[in-house]
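*Asks:* I have a structure here, written as structure tokens, and I will follow up with some questions on it.
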Amino acid sequence: MQQEAVLAIHSCSDIVLLSPTGTGKTLAFLLPIVAELEPDCKEIQALIVAPSRELAIQIEQVLREMGSGYKTAIVYGGRLFSKDKINLKHPPAILVGTPGRISDHIRRNTFTTKEIKTLVLDEFDKSLEVGFETEMRDICTALPKLKKKILTSATQKVRVPKFVGLTKPVYVNFLKEVESQLKIKAIVSPSKDKLETLVQAIDHLGNEPGIIFCNFKDSIRRVSEHLTANNINHGCFYGGMEQKDRERTLIKFRNGTHQLLIATDLAARGIDIPEIKFIVHYHLPMRKEEFTHRNGRTARMNKEGSAYVLHWKDEKLPDYINNLEREKLNKVLPPETTRRTTLFISGGRKDKISKGDIAGLFFKQGKLIGDELGTIELKQDCAFVSVPEEKANKLIEQLNNSKLKKKKIRITLI
């Protein structure tokens with residue numbers, strides 16, 4: 001898929017890249033974009049639009065890890081506009097962002113669009129929905145020298161509005177090429193209120209990483225309260241949360257502090273999370289496409305995974321779900337409460353701090369051994385590290401106000 005995508009992007013002006021979630025679409029479009037950048041140009045040359053902050057952050061992170069030598073920047077709602085302006089004072093070669101924030105910058109003339117020759121609409125089926133139509137129209141009509149348009153999705157049969165300006169697009173379609181190992185099964189609840197059956201299902205599935213999908217944030221709160229009452233550790237993830245809280249929820253999920261995530265469809269697309277063993281549809285989505293995207297969080301890259309449709313015994317299922325095998329719930333011990341927690345460190349890349357520096361501090365001064373030190377996530381101005389829950393308070397006592405690369409750091413629980 002990546003080889004065909006690179007070839008098509010280099011040789012064609014309009015490309016639609018269709019491939020299942022988890023197959024590497026981000027690198028497939030980033031590699032040829034970086035290869036075609038002009039080193040002497042001092043303005044933005046490529047614009048990448050993503051429908052969610054998390055997806056934009058992930059794309060920018062992949063770009064940074066590529067080490068191309070070109071400056072990249074990211075803009076999205078939920079953070080200070082003035083911070084964006086500082087980042088854009090010296091324009092990047094590639095700008096990544098969400099529709100609303102990018103169109104806002106274009107209206108305010110924060111940056112010039114006269115040198116933007118490549119436009120990427122990642123997960124275009126979501127970014128071209130009615131809610132984003134005004135912003136997307138503004139963006140597409142504000143690029144006078146655009147030569148190349150790249151649209152990506154894991155869903156087929158999506159109408160592309162005329163204002164995008166696709167002309168005889170070349171389709172790179174791998175949606176049927178990847179053999180899915182996904183198993184979709186039904187979990188039947190004897191009562192209309194499915195909370196007790198959900199707890200039984202979690203007990204049955206064991207202590208494995210998984211996502212429980214709900215349609216509304218109020219439902220997430222209700223499910224969360226019930227899981228908490230049953231001593232089941234979890235995180236919550238939905239659009240109404242503060243951006244900082246959303247990011248920290250994903251950090252805890254990635255590093256094993258939480259094994260379960262209760263989420264809306266915001267978690268169905270493009271976010272950076274580890275291999276998921278299962279997903280549960282506590283509520284079914286409104287559309288078949290979202291069902292596909294949710295299921296795409298598991299059984300990625302030919303690995304096995306399961307999706308469970310949790311429904312009331314008298315509930316009528318949509319036409320796109322039929323002949324599901326029923327999962328028999330065995331009564332087993334409930335999943336273990338997580339024994340890991342996450343610490344915040346007030347120093348990051350801009351302070352010249354590396355993961356090795358953090359590991360050295362926790363091994364030498366904190367006296368951790370082997371895999372007691374879990375995942376380290378290094379950000380621009382801070383870091384997060386997973387440690388055994390029973391050792392967290394002692395580590396804070398020992399290491400808080402230590403020095404890393406001449407910077408005095410604070411260490412706290414999150």
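*Asks:* Scan segment 137-158 and give yes if some residue there is acidic (Asp, Glu), surrounded by 18 or more Cβ atoms within 10 Å (Cβ to Cβ) and at pLDDT 90 or above, otherwise no.
*Replies:* Checked against the condition, which is being acidic (Asp, Glu), surrounded by 18 or more Cβ atoms within 10 Å (Cβ to Cβ) and at pLDDT 90 or above, segment 137-158 yields no hits at all.
*Asks:* Moving on to the next point. Hey, can you tell me all the residues within segment 153-174 that are part of a strand (DSSP E or B) and within 29 Å of residue 308 (Cα to Cα)?
*Replies:* 153, 173
*Asks:* So, in segment 259-276, of the ones that are more than 19 Å from residue 123 (Cα to Cα) and surrounded by fewer than 22 Cβ atoms within 10 Å (Cβ to Cβ), which residue ends up modelled with the lowest pLDDT?
*Replies:* 274
*Asks:* Another question, if that's okay. Can you name the residue in segment 1-42 that is of a type in the set (Ser, Thr, Tyr) and under 24 Å from residue 126 (Cα atoms) and, of all such residues, is surrounded by the fewest Cβ atoms within 10 Å (Cβ to Cβ)?
*Replies:* For segment 1-42, the residue satisfying everything is 13.
*Asks:* Just to be sure, is residue 45 touching a residue at least 60 places away in the same chain (Cβ under 8 Å), surrounded by 17 or more Cβ atoms within 10 Å (Cβ to Cβ), within 19 Å of residue 119 (Cβ to Cβ) and touching a Gly at 6+ places or on another chain (Cβ under 7 Å)?
*Replies:* no
*Asks:* Here's a follow-up. What is the residue count in segment 392-410 for residues that are in contact with a strand residue (DSSP E or B) (Cβ under 9 Å, 6 or more places away or on another chain) and either in contact (Cβ under 8 Å) with a residue 40 or more places away in the chain or farther than 18 Å from residue 347 by Cα (or both)?
*Replies:* Residues that pass the stated criteria total 8.
*Asks:* Also, I was wondering about something else. Among the residues in segment 117-124, are any hydrophobic (A, V, I, L, M, F, W, C) and more than 27 Å from the chain's Cα centre (by Cα)?
*Replies:* Taking every residue of segment 117-124 in turn, none turns out to be hydrophobic (A, V, I, L, M, F, W, C) and more than 27 Å from the chain's Cα centre (by Cα).
*Asks:* Kindly check whether there is at least one residue in segment 141-152 that is in a helix (DSSP H, G or I) and more than 21 Å from residue 25 (Cα to Cα).
*Replies:* The answer is no; no qualifying residue exists.
*Asks:* Specify the residue that is modelled with the lowest pLDDT; the eligible residues are those in segment 303-325 that are surrounded by 10 or more Cβ atoms within 10 Å (Cβ to Cβ) and outside any loop (DSSP other than H, G, I, E, B).
*Replies:* 305
*Asks:* Next question, about the same structure. What are the pairs with Cβ atoms under 6 angstrom where one residue, in segment 245-271, is farther than 16 Å from residue 378 by Cα and the other, located anywhere, is in a loop (DSSP other than H, G, I, E, B) and acidic (Asp, Glu)? Sequence gap at least six, or different chains.
*Replies:* 269/123; 270/123
*Asks:* May I ask you to list pairs of residues, at least six apart or on different chains, whose Cβ atoms are under 9 Å apart, with the first in segment 115-140 being on the phi > 0 side of the Ramachandran plot and the second being aliphatic (A, V, I, L, M)?
*Replies:* 123/50; 123/55; 123/154
*Asks:* To continue, here is another question. Which of the residues that make up segment 87-108 are among the hydrophobic types (A, V, I, L, M, F, W, C) and either at pLDDT below 95 or surrounded by fewer than 24 Cβ atoms within 10 Å (Cβ to Cβ) (or both)?
*Replies:* Scanning segment 87-108 gives 88, 93, 106.
*Asks:* While we're looking at this one, here's another question. Do we have residue 77 as over 30 Å from residue 173 (Cβ atoms) and surrounded by fewer than 20 Cβ atoms within 10 Å (Cβ to Cβ) here?
*Replies:* Spelling it out, residue 77 is indeed over 30 Å from residue 173 (Cβ atoms) and surrounded by fewer than 20 Cβ atoms within 10 Å (Cβ to Cβ).
*Asks:* On to the next question. Considering each residue of segment 389-414, count those that are farther than 15 Å from residue 352 by Cβ and not in a strand (DSSP E or B), and give that number.
*Replies:* 16
*Asks:* Between a first residue in segment 191-203 that is within 14 Å of residue 281 (Cα to Cα) and in contact (Cβ under 8 Å) with a residue 60 or more places away in the chain and a second residue that is surrounded by 17 or more Cβ atoms within 10 Å (Cβ to Cβ) and among the hydroxyl-bearing types (Ser, Thr, Tyr), which pairs have beta carbons less than 7 Å apart while being 6 or more apart in sequence or on different chains?
*Replies:* If the second residue must be surrounded by 17 or more Cβ atoms within 10 Å (Cβ to Cβ) and among the hydroxyl-bearing types (Ser, Thr, Tyr), the pairs left are 194/282; 197/189; 198/282; 201/308.
*Asks:* For segment 89-102, indicate whether the set of residues that are touching a Cys at 6+ places or on another chain (Cβ under 8 Å) and in contact (Cβ under 8 Å) with a residue 40 or more places away in the chain is non-empty.
*Replies:* Yes; the residues of segment 89-102 include at least one that is touching a Cys at 6+ places or on another chain (Cβ under 8 Å) and in contact (Cβ under 8 Å) with a residue 40 or more places away in the chain.
*Asks:* Related question: Hey, can you tell me all the residues within segment 248-286 that are more than 25 Å from residue 339 (Cα to Cα), among the basic types (Lys, Arg) and part of a helix (DSSP H, G or I)?
*Replies:* none
The values are calculated or read from the model by the stated rules, or taken from the named source; none is laboratory data. Because the structure is predicted, anything quoted here is derived from the model rather than measured. A quick note on method: Cβ atoms are made from the backbone with ideal geometry, for glycine too, and the neighbour counts reach across all protein chains shown.
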